[in-house]
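Trainee: Handing you a structure now.
Every number here is computed from the coordinates shown, using simple stated rules; none is lab data. Just so we're clear, the structure is a prediction, and the values are computed from it rather than from any experiment. All Cβ positions, even for glycine, are placed from backbone atoms using ideal geometry, and neighbour counts span all protein chains on display.
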Amino acid sequence: MAHHGPTLQVSPKNDSKNPIILVQSFAATGHTVPLLQITQHLVQRGYDIYYLGGTQFHQAIEATGAKFIPLIGLIDTWTRDWMITHGFGTGLDIMPSIMMLVAATLPSMLDSSRRALSLLRDREPDREVIVVSEIAAAGGLAALRLGAPLPEGYSKPPKSLGINIVPPLWTSVDFNDLWLDIPYNPNHDRKLNVLMAKLAREGIHKKAWDTTKWALEMCSVFEPMESLFGDHGKMIDHRAWDMNFACHDKTLQMCIPSLEYPISDWPPNFAFGGTLPPKAWRTADFVFPDWFERVRENSAKDVTSSARRKIVAIAQGTIATDWQNVLIPAIQGLANREDILVIAVLCIKGATLEGQLPGPLPGNTIVVDYFPYDAIIEHADVFISNGSYGVFSHCVAHGVPMVLSGNTEDKIALGMRGEYAGFAYNLGMEQQTPEAFARGVDTILTDPKFKTRAMQLKAEAEEFDALGTVERELRALF
């Protein structure tokens, strides 16, 4: 396919005979930020890293020390050109709508990957290229594995390490995860799960499956998707997303095992990568805002003192930004309580709640447009969220229990997993009242089991060493 994009500016030739590492991620904040952390670690460890990413992340990518290559086409502009027309569904439509987006962006992702791989081969023809791909951005690699025309200079698809930073969507005979508020059942009925998968393929997932197949054919791919699933594809009807999971030499789920259901039929390339550790978020020029001194002074007080307020942080992430869903009712539920200090982060630079609250901002509440999660979580007693995987991981890394309430994207599935893991109070997928959020916070603050479990998960995450695991699995592909 013909494609056009900015010219890649390359660095002086690297004399190392180690492979070049091409990192790639979907052009969304929640999909890019974890890969930036991994990239920075690999750069600091001396690897030669190029990063194929969204143009809006150009500066952030180069700040890691990696060389930037831009995504081209719809995979880069989807928030403007796709979301405005389609958007994400709710309830049973959530998963199919996300898979429709992945299908729609597949041709441009393949174009972007082929262009980047060709540029690197032209630059250093004698060096191998290994791809580290965030799963949502792996459609192009899946297409190459299924027979799409290879990039110029390649006789076979490059080796790849998949990185999944959302709840896994692998179709399992043990649990049919539809990203709904269906609890995991250890006494699962495999025959029922197989039947549900068949009905889903023929029903709610049919359009996404057929669209993905059509997108692959547009890329000159005629090998069936099922060929990526091996014998497992004969056991159960897979979803289209599964090809992004199965197409790698190794796929890492970036969480600790205790945060995921005990599935017996993961694909053979699957392993847990661990929960990413807290980031080194403070730059040399970072200046704390004046309000943060209130937080520091509060944290300095004895934890048993009645003068020390409990700190409750609230955030909804960067995509689900209707603050009436979680942030505003949570503020209302905790309004003016003398025992609690609320810090609400809008996650959008320049954003405000002006005109959206029914009255004045409560005196115990601080609202900020944008602020590093880790800086707040270090001081938080509870974190209220709609279920962003990034916030979820940050809280595990810091040992902070959560109140979860989400009904978009993967948020419902995160609520169920937080409840399953025992460190979160899950309010479910329905719109919640201020009283419900207050009840969730009070339950966590009065029942020590949530904090105890959060600290156990923190210890497990530290022992797992996620960044070390990623590097070890990457080197296994050399």
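Trainee: In nanometres, what is the gap between the two model label sites at Arg45 and Asn269, each 7 Å from Cα along Cα-to-Cβ?
Mentor: About 1.9 nm separates the two model spin labels.
Trainee: Another question about this same structure. Report the semi-axes of the equivalent ellipsoid for segment 389-438 in whole Å, largest first, where each axis is √(5λ) for an eigenvalue λ of the Cα gyration tensor.
Mentor: On the way: eigenvalues 60, 32, 17 Å².
They are 17, 13, 9 Å, listed largest first.
Trainee: Here's another thing I want to ask about it. Using the eigenvalues of the Cα gyration tensor, what equivalent ellipsoid semi-axes result for segment 292-463 when each is taken as the square root of five times the eigenvalue, whole Å, largest first? Could the numbers behind the result be given before it?
Mentor: Working: eigenvalues 92, 80, 46 Å².
Computed over segment 292-463, the values are 21, 20, 15 Å.
Trainee: Also, I was wondering about something else. For the chain, find the longest principal axis of its Cα atoms and tell me its angle to the long axis of helix 206-218, 0 to 90°, nearest 10.
Mentor: Helix 206-218 sits at roughly 40 degrees to that axis.
Trainee: Between Glu338 and Met218, with labels modelled 7 Å along Cα→Cβ, what's the label distance in nm to one decimal, could you check?
Mentor: 6.3 nm
Trainee: Write down the radius of gyration of segment 33-94 and its Dmax, each obtained from C-alpha positions, in Å.
Mentor: Calculated on Cα positions, Rg and Dmax stand at 15.0, 45 Å.
Trainee: Would you mind checking the tilt of helix 411-421 against the longest principal axis of the Cα atoms of the chain, expressed as 0 to 90 degrees and rounded to 10?
Mentor: So the helix axis and the longest Cα principal axis differ by about 70 degrees.
Trainee: While we're here: Using a Förster distance of 25 Å, how high is the FRET efficiency between Thr443 and Glu297, based on the Cβ-Cβ distance and rounded to 0.05?
Mentor: Working: r = 27 Å, r/R0 = 1.09.
Efficiency at R0 = 25 Å is approximately 0.40.
Trainee: Pairing the Cα long axis of helix 389-398 with the longest principal axis of the chain, what angle in degrees results, from 0 to 90 and rounded to the nearest 10?
Mentor: So the inclination is approximately 60 degrees.
Trainee: Run the Debye formula on the Cα coordinates of segment 266-326, all scatterers equal and no solvent, and tell me log10 I(q)/I(0) at q = 0.21, 0.25, 0.29 1/Å.
Mentor: Calculated log10 I(q)/I(0) at the listed q: -1.09, -1.09, -1.12.
Trainee: I've got another one for you. Rank by packing, highest mean first: peptides 113-126, 440-453, 64-77, with packing defined as the count of other Cβ atoms within 10 Å averaged across residues.
Mentor: Values: 113-126: 19.2, 440-453: 16.8, 64-77: 21.6.
Descending mean neighbour count gives 64-77, 113-126, 440-453.
Trainee: If you work out volume of the Cα convex hull per residue in Å³ from the coordinates, which of (i) 307; (ii) 170; (iii) 148 do you get?
Mentor: (iii)
Trainee: 222 nm [θ] for the chain, helices only, -39500 (n - 2.57) per DSSP H run of 4+, per residue, to 500?
Mentor: So the calculated ellipticity at 222 nm is -11500 deg cm²/dmol.
Trainee: Hey, another quick one. Roughly how many debye, to the nearest 20, is the charge dipole of the chain about its Cα centre, given +1 on each Lys and Arg Cβ, -1 on each Asp and Glu Cβ, and no other charges?
Mentor: On the way: 42 positive and 54 negative charges, 96 e Å.
My answer is approximately 460 debye.
Trainee: Cβ neighbours within 10 Å, averaged per peptide: list 204-217, 241-254 in order, most packed at the top. Intermediate values should be presented prior to the final figure.
Mentor: Details: 204-217: 17.9, 241-254: 24.4.
Going by the mean number of other Cβ atoms within 10 Å, highest first, we get 241-254, 204-217.
Trainee: How far is the Cα center of segment 172-222 from the Cα center of segment 331-386, in Å?
Mentor: Answer, in whole Å: 38.
Trainee: Quick check: the distance between the Cα centres of segment 393-455 and segment 89-136, to the nearest angstrom?
Mentor: 33 Å
Trainee: Follow-up. Could you put Leu427, Leu141 in order, starting from the residue whose Cβ has the fewest other Cβ atoms within 10 Å?
Mentor: Working: Leu427 23, Leu141 26.
Arranged by neighbour count, lowest to highest, Leu427, Leu141 become Leu427, Leu141.
Trainee: Give me Val403, Val295 sorted ascending by neighbouring Cβ count inside 10 Å, so fewest comes first. Each step should come with its number before you reach the end.
Mentor: Details: Val403 29, Val295 22.
Result, fewest neighbours first: Val295, Val403.
Trainee: Mind ranking 187-197, 259-269 by how tightly packed they are, going by the mean number of other C-beta atoms within 10 angstrom, highest first? Intermediate values should be presented prior to the final figure.
Mentor: On the way: 187-197: 14.1, 259-269: 15.9.
With the highest mean Cβ count within 10 Å placed first, the list reads 259-269, 187-197.
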